[in-house]
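The values are calculated or read from the model by the stated rules, or taken from the named source; none is laboratory data. This is a predicted model, so every value here is computed, not measured. Cβ placement follows ideal geometry from the backbone for every residue including glycine, while neighbour counts extend to all protein chains displayed.
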């Protein structure tokens with residue numbers, strides 16, 4: 001006894017796959033961009049904020065002058 005095989009759906013198969021792949025890639029891109037923002041960009045911004053909370057530019061200028069890195073600077 002032989003059963004008949006169903007005909008494959010070939011009409012517009014490429015268009016359907018293309019639509020599905022485009023939707024999947026856009027969704028993945030949005031998710032990855034969101035994760036990148038949260039785990040990389042926001043952490044980097046927070047590190048800059050933490051650094052500049054305790055940063056004293058006058059103290060750093062004095063250190064650079066004492067090291068001889070700022071020849072054009074004339075202290076008052």
Review point. Got a number for residues in region 1-60 being outside any helix (DSSP H, G or I) and farther than 30 Å from residue 74 by Cα?
Key: 12
Exercise for review: Among the candidates 70, 64, single out the residue that is touching a helix residue (DSSP H, G or I) at 6+ places or on another chain (Cβ under 7 Å) and either touching a residue at least 40 places away in the same chain (Cβ under 8 Å) or surrounded by 10 or more Cβ atoms within 10 Å (Cβ to Cβ) (or both).
Suggested key: 70
Exercise for review: Just one of (1) at pLDDT 95 or above; (2) exposed (fewer than 10 other Cβ atoms within 10 Å of the Cβ) trips up residue 38, so point out which.
Suggested key: (2)
